[in-house]
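K.L.:
Sending over a structure as structure tokens; questions will come in a sec.
Please treat every number below as a calculation from the coordinates, not as lab data. Because the structure is a prediction, the values reported are computed rather than measured. Backbone-built Cβ (ideal geometry, glycine too); neighbour counts: all protein chains shown.
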Amino acid sequence: MLFKNRGGPKRADPARSTRVPVEKLRRTFDPSRLGFATTAELEPVQGLIGQDRALRAIRFGVSIRQSDFNLFVLGPPESGKSTAVQSFLKEKAGAEAPPSDWVYVNNFSDPEKPKAIRLPTGRAERLARAMIETVEELKTALPAMFESDEYQSRRRAIDEQVRSGQEGAFETLNEHAKSEGIALLRTPTGFAMAPMHEGKVIKPEVYESLPKETREAFEAKIGALQRELETILEQMPRAQKDHRNRLQALNEEMAEIVVRQAIGDVEAEFADLPVVTAYLTEVRGDFIRNVGLFLGQGEEEAGPQLVAQAFDAERDVRFRRYMVNVMVGNGGQNSGAPIVDEINPTYGNLIGRVEHIPRMGALLTDFLLIRPGALHRANGGYLLLDARKLLTSPYAYEAVKRALKSSEIKIEPPVDGMGLITTQSLQPDPIPLNVKVILFGDRQLYYLLMQADPDFARIFKVQADFDETIDRNEQNFADYARLIASIVAMHGVRHVDASGVARLIEEASRIADDNEKLSIEIGKIADIVREADFWAAEGGRSTISRADISQAVEEQIQRADRARDKTQESFAREIMLLDVSGSKVGQINGLSVLSLGNFAFGRPSRITARVRLGAGKVTDIEREVELGGPLHSKGVMILWGYLAGRFAEDVPLAMAASLVFEQSYGGVDGDSASSAELYALLSALGEVPIKQSFAVTGSVNQLGEVQAIGGVNEKIEGFFDVCKQKGLTGEQGVLIPMANVQHLMLREDVVEAASTGQFQIHSVATIDEGIEILTGLPAGQREKDGKFPKDSVNGRVESRLRSYALTRHQFLTKNDTERNNS
């Protein structure tokens with residue numbers, strides 16, 4: 001018993017004509033609707049049009065001061081995201097207070113850990129200059145002080161006192177020695193003692209001839225005197241140390257007078273900043289302790305400092321410790337919060353770095369070689385980063401996250417976080433961070449980060465999603481014209497007349513792939529306007545007209561269409577097989593789109609289907625050889641669902657089929673060819689020839705409804721170009737889903753061919769509608785007895801499938817009988 005199919009495709013309206021009217025093939029625009037002659041009459045638009053949702057998100061994201069409410073601005077590359085954000089930030093940041101200055105100074109107690117000091121805006125540069133001026137003053141004043149009569153007389157007194165004490169001790173010893181008949185002699189190697197007689201030193205040979213008792217008496221006296229001499233010599237280092245201490249005290253006393261005067265003005269100027277006052281106190285003490293540096297002395301200091309000569313040839317390297325490294329300071333010249341657009345977001349460019357120089361086989365550095373990063377420059381304001389560049393730069397993304405989570409900028413080598421052994425470097429104080437980070441990227445990258453990185457959603461809580469298109473309506477037409485006026489003003493090109501603006505509106509719908517929308521990918525529109533300006537100049541025109549816009553569009557295509565021309569050539573030379581006339585069973589022309597860079601074009605392909613008795617399997621040859629993507633495979637599997645659901649309700653689907661894109665040597669993906677594959681299968685099953693003058697695009701569901709696909713304009717134009725090359729007959733055309741009519745913005749030559757009857761474009765809603773156009777036979781609907789008419793396509797298909805089922809049943813029964821008999 002047969003049951004009526006309740007899951008079949010919807011019946012098309014028999015009164016509906018499937019041919020798409022010419023006026024719907026390309027939605028044109030009348031320049032007279034604009035109400036102006038050229039864009040010179042228009043006020044350029046401020047900001048973007050049609051991006052209310054994104055702009056509202058940006059306004060919220062930059063206004064909320066919570067550190068974890070950073071922004072991710074997502075949308076197409078040329079939608080004007082960066083321009084819109086910077087335009088908004090420029091006004092907002094200008095009204096905000098400028099951030100504090102930051103400097104690094106020497107840590108006199110631990111030079112490897114430089115100190116960070118916050119200063120009010122504009123005062124960092126002044127502190128740095130003041131320290132240079134102080135050092136320059138001391139380089140003159142201190143030598144002058146130590147050359148003064150007062151200092152020299154006090155130093156001579158100390159020297160004389162020490163010298164007189166030492167000479168007195170030796171004189172006393174000398175008198176004692178004389179009284180004992182012993183001479184105290186000074187030799188190049190030190191002191192010596194010798195016996196005397198009658199005021200003269202006894203010669204050695206005479207001394208040896210003296211009686212033993214006399215010699216022993218002399219030796220006893222000499223021994224006692226030597227002990228006295230040793231006592232005097234032991235006291236000499238103490239005397240010299242006392243001499244040095246007294247000189248040091250004198251030097252510090254005299255230096256303090258000069259240093260206090262030199263640094264006093266700086267201390268007074270920064271008296272309102274306790275942290276600077278504490279630093280200056282340390283500097284003053286170091287000035288006094290190391291006054292020898294200013295006097296050309298202090299060899300113990302000169303040794304390590306000599307290696308710094310390569311750091312800064314303009315300054316005396318001995319005084320680098322007193323300099324100030326300004327990390328952030330605008331000198332009071334810039335107002336408002338900073339906006340930093342870091343175009344190369346490497347680790348060092350973001351976090352900062354400690355630079356080193358090679359010197360005699362070693363890497364040397366000091367606090368003046370600490371360099372700021374973009375986070376330092378943007379601190380207190382806004383930092384703009386390209387998300388893809390940030391992610392592809394080693395360690396950079398993690399460094400930004402660490403800085404945002406800890407609210408501080410810590411300068412350290414990136415390998416420190418990996419626990420690897422590194423060369424010894426500085427450990428600067430971290431600087432508190434208050435910044436709003438704004439990342440720019442596409443939607444795919446945003447959702448990938450949301451899925452793969454748990455920290456991302458916690459730190460970047462605001463998304464500003466830019467649309468690619470806006471609706472075609474009168475208000476948006478006016479706004480679009482003002483947008484073109486702003487492009488003219490921004491790039492300094494010729495004004496565009498009304499016809500040119502109308503042509504740009506048409507091209508905007510073409511870019512959007514939708515005749516009810518306008519693309520607002522500003523970069524692409526601006527490129528067309530700028531190139532049209534060139535062609536207007538070449539033609540000697542004062543304004544950009546429709547012809548200039550059209551030429552710019554064509555020239556852009558011409559520069560990129562080498563691959564398309566090669567493809568068309570392969571069809572002309574019949575290297576690629578494609579029929580555009582006649583009829584064949586199980587063969588159809590499918591349509592696909594190839595994208596190379598920014599250029600996409602349609603390429604027709606021959607699709608063939610072969611059927612035979614089998615177990616109900618539809619073999620996708622592309623998938624079997626791993627050339628078919630998952631979406632294409634899904635589309636082929638849907639075909640089995642359609643066939644089984646429509647033709648095999650009460651009998652098994654006892655067929656086997658194979659589908660293939662002929663001469664396809666690359667990957668195939670997408671389901672836009674599934675309707676064409678189904679038509680080929682139906683043709684092969686029903687043995688009904690398909691007109692080769694048609695090409696087909698569109699996906700299909702299990703109910704036989706033809707669904708919308710992408711790239712419809714390029715697909716139609718690709719088949720049109722082949723037909724035009726082989727000769728238009730008026731019989732050629734394309735079948736597209738009815739839902740895609742709203743996306744048609746075809747080339748003007750295609751529209752012209754359709755208007756003269758040389759080319760046809762049909763829209764279909766169901767497989768039944770399409771098969772009727774392709775075969776010239778009725779698709780057939782089930783009648784009251786539940787059967788399709790015999791002469792219909794569906795009737796022939798069902799009859800073939802039933803014969804397969806019967807044959808398979810007979811074959812299996814025969815085999816079972818033979819096995820039982822054996």
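K.L.:
Would you please put 376-383, 137-144 in order of how densely packed they are, using the mean number of other Cβ atoms within 10 angstrom per residue and starting with the highest?
P.N.:
Averaged packing, sorted descending, gives the order 376-383, 137-144.
K.L.:
Also, I was wondering about something else. Suppose R0 equals 60 Å. What FRET efficiency, 1/(1 + (r/R0)^6) with r the Cβ-Cβ distance, do Ser87 and Phe811 give to the nearest 0.05?
P.N.:
With a Förster radius of 60 Å, E is 0.20.
K.L.:
Here is a follow-up. Calculate, axis by axis, the spread of Cα positions in the range 449-562 along the three principal axes, and write the results as whole Å, longest axis first.
P.N.:
Principal-axis extents of the range 449-562 (Cα, largest first): 59, 38, 28 Å.
K.L.:
Now for a separate question. Averaging over every viewing direction, what projected area does the convex hull of the Cα atoms of the chain cover, in nm²? Write down the numbers at each step before the final one.
P.N.:
Working: hull surface 276.0 nm².
With the hull built on Cα positions only, its mean projection is 69.0 nm².
K.L.:
Based on the Cα gyration tensor of the range 735-822, what are the three equivalent ellipsoid semi-axes, each the root of five times an eigenvalue, rounded to whole Å and given largest first?
P.N.:
For the range 735-822, the ellipsoid semi-axes come out as 46, 15, 11 Å.
K.L.:
Could you tell me which of the pairs Lys90/Lys436; Lys634/Lys790; Lys113/Lys436 are separated by over 22 angstrom between their Cα atoms in the structure shown? Intermediate values should be presented prior to the final figure.
P.N.:
On the way: Lys90/Lys436 14 Å; Lys634/Lys790 31 Å; Lys113/Lys436 28 Å.
Among Lys90/Lys436; Lys634/Lys790; Lys113/Lys436, the Cα-Cα distance tops 22 Å for Lys634/Lys790; Lys113/Lys436.
K.L.:
When the chain is fully extended, how far beyond the present Cα-Cα distance does Lys24 get from Glu253, taking 0.36 nm per residue of separation?
P.N.:
Between Lys24 and Glu253, full extension yields an extra 72.7 nm.
K.L.:
Return one quarter of the surface area of the convex hull spanned by the alpha-carbon atoms of the range 318-462, equal to its mean projected area, in nm².
P.N.:
If I average the Cα hull's projected area over directions, I get 10.9 nm².
K.L.:
Same structure again: Starting from the Cα of Lys221, draw a straight line to each of the aspartates and glutamates and keep only those under 15 Å, dropping any in the same chain fewer than 8 residues away.
P.N.:
Filter leaves Glu175, Glu180, Glu213, Glu230.
K.L.:
From the helices alone, meaning DSSP H stretches of at least four residues, give me the mean residue ellipticity at 222 nm for the chain, per-run term -39500 (n - 2.57), in deg cm²/dmol to the nearest 500.
P.N.:
So the calculated ellipticity at 222 nm is -15000 deg cm²/dmol.
K.L.:
What is the distance, in nm, between label points placed 7 Å from the Cα along the Cα-to-Cβ direction at Ala37 and at Glu147?
P.N.:
Roughly 8.2 nm, to one decimal.
K.L.:
Using the Cα centre as the reference, give the magnitude of the dipole from point charges on the C-beta atoms of the range 90-145 (Lys, Arg: +1; Asp, Glu: -1; all else neutral), rounded to the nearest 20 debye.
P.N.:
My answer is approximately 160 debye.
K.L.:
Moving on to the next point. Taking the Cα centre as origin and putting +1 on Lys and Arg beta-carbons and -1 on Asp and Glu beta-carbons, what dipole magnitude results for the range 46-98, to the nearest 20 debye?
P.N.:
80
K.L.:
Residue farthest toward the positive end of the dipole of the chain, with Cβ of Lys/Arg at +1 and Asp/Glu at -1: which of Ala615, Val764, Leu74?
P.N.:
Ala615
K.L.:
Next up: What is the extension gain from Gln558 to Ala615, computed as 0.36 nm multiplied by their sequence separation minus the C-alpha to C-alpha distance, in nm to one decimal?
P.N.:
Separation in residues times 0.36 nm, less the Cα-Cα distance, equals 15.5 nm.
K.L.:
In Å, what Kirkwood hydrodynamic radius results for the range 18-136 from the alpha-carbon pair distances? Can you show the working numbers first?
P.N.:
Details: mean 1/r = 0.0480 Å⁻¹.
Mean inverse Cα-Cα distance, inverted, gives 20.8 Å.
K.L.:
What FRET efficiency comes out for Phe60 versus Lys634 if R0 is 35 angstrom and r is the Cβ-Cβ distance? Round to the nearest 0.05.
P.N.:
Numbers: r = 40 Å, r/R0 = 1.14.
Efficiency, rounded to the nearest 0.05: 0.30.
K.L.:
While we're looking at this one, here's another question. Put +1 on the Cβ of each Lys and Arg and -1 on the Cβ of each Asp and Glu in the chain; which of Val751, Gly641, Gly348 then has its Cα farthest toward the positive end of the dipole?
P.N.:
Sorting the options by dipole projection puts first Gly641.
K.L.:
Also, quick follow-up: Which FRET efficiency value, to the nearest 0.05, is calculated for Asp68 and Asp110 with the Förster distance at 25 angstrom and r the Cβ-Cβ distance?
P.N.:
0.15
K.L.:
Treating the beta-carbon of each Lys and Arg as +1 and of each Asp and Glu as -1, no other charges, what is the dipole magnitude of the chain about its Cα centre, to the nearest 20 debye?
P.N.:
Values: 100 positive and 117 negative charges, 701 e Å.
Using Cβ point charges on Lys, Arg, Asp and Glu, the chain gives about 3360 debye.
K.L.:
Report the Cα-based extents of the range 670-822 along its three principal axes, largest first, to the nearest Å.
P.N.:
Principal-axis extents of the range 670-822 (Cα, largest first): 73, 35, 27 Å.
K.L.:
OK, next. Treating cross-link reach as a plain straight distance, find the lysines whose alpha-carbon is under 21 Å from the alpha-carbon of Lys566, omitting any fewer than eight places away in the same chain.
P.N.:
Here the lysines satisfying the reach criterion relative to Lys566 are Lys715, Lys724, Lys726.
K.L.:
Between Thr214 and Glu731, 0.36 nm times their residue separation minus their Cα-Cα distance comes to what?
P.N.:
171.1 nm
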